[in-house]
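Q: Before we start, here is the structure in question, set down as structure tokens.
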Amino acid sequence: MASATGTASEPRKAVGVDSDSKERNLKRLRRIEGQIRGIQKMVEEERYCADIMTQISSAHEALRAVGRELMRNHLKYCATSAIKSGEEEASAMYDELVDMMYKHSR
């Protein structure tokens, strides 16, 4: 398992990733990519605004589903590892989790 720490030139890596979850997220993201292209085409074609808004809402929900899956993975691997590592790592993880909940609950 890779460390969750990284440098400015090296992005942080997850402590662990559930392979089934990763595959589900990649499939969802490909589907979302297609939805976004479809929305772009609807705008270009000057389609009815309410229909476009319905598609935007659908894309938002799909992204929220990916976010929920990522949060579950983060809690299962990264947060659990940090909390078990000691008080300093646990405290930093608690702060990160609280920040994530407030930032992503909008």
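The values are calculated or read from the model by the stated rules, or taken from the named source; none is laboratory data. Values in this document were obtained by computation on a predicted structure and should not be read as measured data. Note that each Cβ is placed from the backbone with ideal geometry, even for glycine, and that neighbours are counted across all protein chains shown.
Q: List every residue pair whose Cβ atoms lie under 7 Å apart, where the two residues are 6 or more positions apart in sequence or sit on different chains, the first residue falls within region 40-58 and is free of Cβ contacts under 8 Å to residues at least 40 places away in the same chain, and the second residue, located anywhere, is of a type in the set (Gly, Ala, Ser).
A: That search, which allows pairs on different chains as well, returns GLN55/GLY38.
Q: Mind checking which pairs have a first residue in region 67-93 that is without any contact (Cβ under 8 Å) to a residue 24 or more places away in the chain and farther than 14 Å from LYS22 by Cβ and a second that is in a helix (DSSP H, G or I) and β-branched (Val, Ile, Thr), Cβ under 8 Å, 6 or more apart or different chains?
A: Short answer, once both residue conditions are applied: GLU89/ILE83; ALA90/ILE83; MET93/ILE83.
Q: Using the structure shown, decide if VAL43 is aliphatic (A, V, I, L, M), more than 21 Å from TYR102 (Cα to Cα) and surrounded by 15 or more Cβ atoms within 10 Å (Cβ to Cβ).
A: no
Q: Looking at ALA50, is it modelled with pLDDT of 95 or more, farther than 21 Å from LYS13 by Cα and exposed (fewer than 10 other Cβ atoms within 10 Å of the Cβ)? Walk me through how you get there before you give the answer.
A: Values: modelled with pLDDT of 95 or more: yes; farther than 21 Å from LYS13 by Cα: yes; exposed (fewer than 10 other Cβ atoms within 10 Å of the Cβ): yes.
So ALA50 fits the description; yes.
Q: Quick check on my filter: what residues within region 55-105 are loosely packed, with under 11 Cβ neighbours inside 10 Å, of a type in the set (S, T, N, Q) and part of a helix (DSSP H, G or I)?
A: If the condition is that a residue be loosely packed, with under 11 Cβ neighbours inside 10 Å, of a type in the set (S, T, N, Q) and part of a helix (DSSP H, G or I), then SER57 is the only one that fits.
Q: If you check ALA4, ALA14, which single one turns out to be modelled with pLDDT under 95, out of contact with any Phe, Trp or Tyr (no Cβ under 8 Å at 6 or more places or on another chain), within 19 Å of HIS104 (Cβ to Cβ) and surrounded by 14 or more Cβ atoms within 10 Å (Cβ to Cβ)?
A: The match here is ALA4.
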